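The values are calculated or read from the model by the stated rules, or taken from the named source; none is laboratory data. Everything numeric here is computed off the predicted structure, so don't read it as measured data. Don't worry about glycine lacking a Cβ; one is built from the backbone with ideal geometry, like all the others, and counts go over all protein chains shown. Just so you know, the surface numbers come from the protein's heavy atoms only, side chains and all, with ligands and any DNA or RNA stripped out. Shrake-Rupley method; radii C 1.70, N 1.55, O 1.52, S 1.80 Å.
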Amino acid sequence: MATSPLQVSGSTTIGATKEELKVSSSSLVGENDLLIVGPGVLGRLVAQKWRQEHPECQIRGQTVTADHHEELIEMGINPSLKGTETTNKFPYVIFCAPPSRSPNYAGDVSTIGCVAKQISPPKVVWVPAMYVVSVGDSRVDLSKWDWLQIRDEDHWWEAALSWNGEGSFLFTSSSAPYDCNDNGECDEDTPVVPIGRSPRTDVLLKAEKVVLEFGGCVVRLAGLYISFMKSNIQDNIDLNNAYKADRGAHTYWLGKGIVEMRPDHILNLIHYEDAASLAVTILNKRLRGRIFLGCDNHPLSRQEVMDLVNKSGKFSKKFEAFTGVDDPLGKKLNNTKTRQELGWEPKYPSFAHFLETL
């Protein structure tokens, strides 16, 4: 069912009253309409692929600031700010937080976690890293969860309550919770790290638990990467110069030259385009309470990654060395089960193949 785009004001929330932030739209929500929480690189690629499959749909993107709203509008995404209230609920919702922009970023770019606190009964909120989502809904008994305190109490996201419970609700997580740190084999059925061992995995697992209880699905992604050297992505997706910067562990390490990490640590990768296509595939399946794994099934050691980069001849810099000796090892991810169940295959089957396309 085709609908007219939902128009949302996206200037600023500073100094705005609650009534000014409330958006009321008479437009109907179509059966394939999509809400993207965090329309960064991954979110915009999801939007692009979703519109290709559902050209009649409307897509909304919820953001923390209005800095990139004009770009979103140009690519057909109706932007709205966190804290903006709307009466519309969407059949498809994806929580697609972008990678960290920290200079310390070293490959775990898909790590997003959730913390939460009790505000006032019965409203509960949970906070995934850079965003906040309100999930106080009578369909789920949230009182049993052990919440963690958030640091920024002024930022609240409303996303889970924007799902009408029909199509799909998907949370992009990380492969970090799998309990393997000896470079061993790991798949969808590998046990996860026990709660209490690591703050990093605690916030991820608590987030996933809420999403699954809510009826949504989780996709645990390996390390994301992308390059805009020679790519038609930039012709099909509107990214400013900051977004067009190459991303991935190899980019960070190449910039450093010498990195104090052990070279034999195994890491796992997935291209942004493949992560987006996997997410769209899961959304289209309209599944409930499932966990999937996103990776290219070609794990590499850190040294192997940078050897491929140096030998490719595609980069102006040369990586020198890893000098660490006692930091943790990694894991070898395999998502054959996910591929078979969903009928999904990546466009970039390995990092080596990706380098050949540059």
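Go through region 190-209 residue by residue and tally those that are open to solvent by 50 Å² or more (accessible area, probe 1.4 Å) and within 21 Å of the chain's Cα centre (by Cα).
Number of matching residues: 4.
Would you check if Lys244 is at pLDDT 95 or above, out of contact with any Lys or Arg (no Cβ under 8 Å at 6 or more places or on another chain), charged (D, E, K, R) and more than 14 Å from Val219 (Cα to Cα)?
no
For the list (1) at pLDDT below 95; (2) within 16 Å of Phe169 (Cβ to Cβ); (3) β-branched (Val, Ile, Thr); (4) out of contact with any Cys (no Cβ under 6 Å at 6 or more places or on another chain), I need the number of the one condition that Ile36 fails.
Unmet for Ile36, out of (1) at pLDDT below 95; (2) within 16 Å of Phe169 (Cβ to Cβ); (3) β-branched (Val, Ile, Thr); (4) out of contact with any Cys (no Cβ under 6 Å at 6 or more places or on another chain): (4).
Could you give every pair whose Cβ atoms fall below 8 Å, whose first residue belongs to region 31-60 and is β-branched (Val, Ile, Thr), and whose second residue is modelled with pLDDT of 95 or more and open to solvent by 10 Å² or more (accessible area, probe 1.4 Å), counting only separations of at least 6 or pairs across chains?
Listed by first residue and then by second, the contacts come to Ile59/Arg51.
Scan region 167-184 for residues that are open to solvent by 10 Å² or more (accessible area, probe 1.4 Å), at pLDDT below 95 and in contact with a helix residue (DSSP H, G or I) (Cβ under 9 Å, 6 or more places away or on another chain) and jot them down.
Ala176 - this is the single residue of region 167-184 that is open to solvent by 10 Å² or more (accessible area, probe 1.4 Å), at pLDDT below 95 and in contact with a helix residue (DSSP H, G or I) (Cβ under 9 Å, 6 or more places away or on another chain).
Can you tell me how many residues in region 37-69 are of a type in the set (Ser, Thr, Tyr) and assigned to a helix (DSSP H, G or I)?
So the answer is 0.
Identify the single condition in (1) touching a residue at least 24 places away in the same chain (Cβ under 8 Å); (2) open to solvent by 20 Å² or more (accessible area, probe 1.4 Å); (3) of a type in the set (D, E, K, R); (4) not in a loop (DSSP other than H, G, I, E, B) that Asp274 does not satisfy, given that it satisfies every other one.
Going through (1) touching a residue at least 24 places away in the same chain (Cβ under 8 Å); (2) open to solvent by 20 Å² or more (accessible area, probe 1.4 Å); (3) of a type in the set (D, E, K, R); (4) not in a loop (DSSP other than H, G, I, E, B) one by one, Asp274 breaks only (2).
Could we say that Val309 is in contact with a Phe, Trp or Tyr (Cβ under 8 Å, 6 or more places away or on another chain) and closer than 29 Å to Ala207 by Cα here?
no
Quick one: what pairs do we get from region 284-305, first residue over 14 Å from Lys331 (Cα atoms), second modelled with pLDDT under 95 and open to solvent by 40 Å² or more (accessible area, probe 1.4 Å), C-beta under 6 Å, 6+ apart or different chains?
So the pair list comes out as Gly289/Leu212.
Just name the residue that is surrounded by the fewest Cβ atoms within 10 Å (Cβ to Cβ) out of those in region 280-304 that are touching a His at 6+ places or on another chain (Cβ under 8 Å) and not in a loop (DSSP other than H, G, I, E, B).
Only one residue fits best here, namely Ser301.
Looking only at region 58-74, which residues are of a type in the set (A, V, I, L, M), open to solvent by less than 40 Å² (accessible area, probe 1.4 Å) and either farther than 20 Å from Val93 by Cβ or at pLDDT below 95 (or both)?
Ala66, Leu72
Pick from region 305-345 the residues that are part of a strand (DSSP E or B) and of a type in the set (D, E, K, R): which of them is least open to solvent (accessible area, probe 1.4 Å)?
Looking at residues that are part of a strand (DSSP E or B) and of a type in the set (D, E, K, R), I get Lys331.
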